[in-house]
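Inspection log for the structure reproduced underneath, given as structure tokens.
Readers should treat all values here as calculations from the given coordinates under stated rules, not as data from a laboratory. Treat the numbers as computed from the prediction; the structure is a model and nothing was measured. Positions of Cβ are backbone-derived with ideal geometry, glycine not excepted, and every protein chain shown enters the neighbour counts.
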Amino acid sequence: MALKFRAKNQRMRTSSINLLLNIIETMCQSLQDLSIDDLGQAEQALTYLENSGFKVDWLERKLEEVKEKKMEEQIGKSRMQELEEELKVFKQRCSDIEALLEKEKQKCSDIEALLEKEKVKALAAARAPPLRLDDVV
């Protein structure tokens, strides 16, 4: 891993090893706890370590896998949010249509009641004795 590591200063070596450990700890976190910024910083740190002589190909591959999964997670969350917004619109539209349906039902009910009254009047008029000429004059 550190075959070509060039730092002669003990503090620089210690700092580089600590940086490597921090990168590994970062990538061990759950996707929910990681941000794209965290992954970008880890990538920069890996580049620094690679330029310092560390062989970190294995860690770069792992970082790419984690970045891909994080992007998939973000795309999934974004799509879920879009679908939730669409669902909200559809629910509102459904509610509006249900309200229109209730209005139409009420209109039909009112018309049926009016027709029933007219029917009762017509039946009452049919039962009434016929008018005679004397009743009119």
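One table, with the values for the structure above:
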{"quantity": "Options Thr47, Thr14, Thr26; residue that is closer than 29 Å to Ile75 by Cα, part of a helix (DSSP H, G or I), among the β-branched types (Val, Ile, Thr) and without any contact (Cβ under 8 Å) to a residue 12 or more places away in the chain", "calculated": "Thr47"}
{"quantity": "Conditions (1) over 28 Å from the mean Cα position of the chain (by Cα); (2) surrounded by 10 or more Cβ atoms within 10 Å (Cβ to Cβ); (3) more than 30 Å from Ile17 (Cβ to Cβ): number failed by Gly53", "calculated": "(3)"}
{"quantity": "Asp33, sole failed condition from (1) within 35 Å of the chain's Cα centre (by Cα); (2) in a helix (DSSP H, G or I)", "calculated": "(2)"}
{"quantity": "Residue in the stretch 72-82 that is under 33 Å from the mean Cα position of the chain (by Cα) and in contact (Cβ under 8 Å) with a residue 12 or more places away in the chain present", "calculated": "yes"}
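Results for (1) charged (D, E, K, R); (2) touching a His at 6+ places or on another chain (Cβ under 6 Å); (3) within 30 Å of Gln32 (Cβ to Cβ), shown as yes or no for each residue.
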residue: Glu64; (1), (2), (3): yes, no, yes
residue: Met71; (1), (2), (3): no, no, yes
residue: Gln74; (1), (2), (3): no, no, yes
residue: Leu83; (1), (2), (3): no, no, yes
residue: Phe90; (1), (2), (3): no, no, yes
residue: Glu98; (1), (2), (3): yes, no, no
residue: Lys107; (1), (2), (3): yes, no, no
residue: Ile111; (1), (2), (3): no, no, no
residue: Leu123; (1), (2), (3): no, no, no
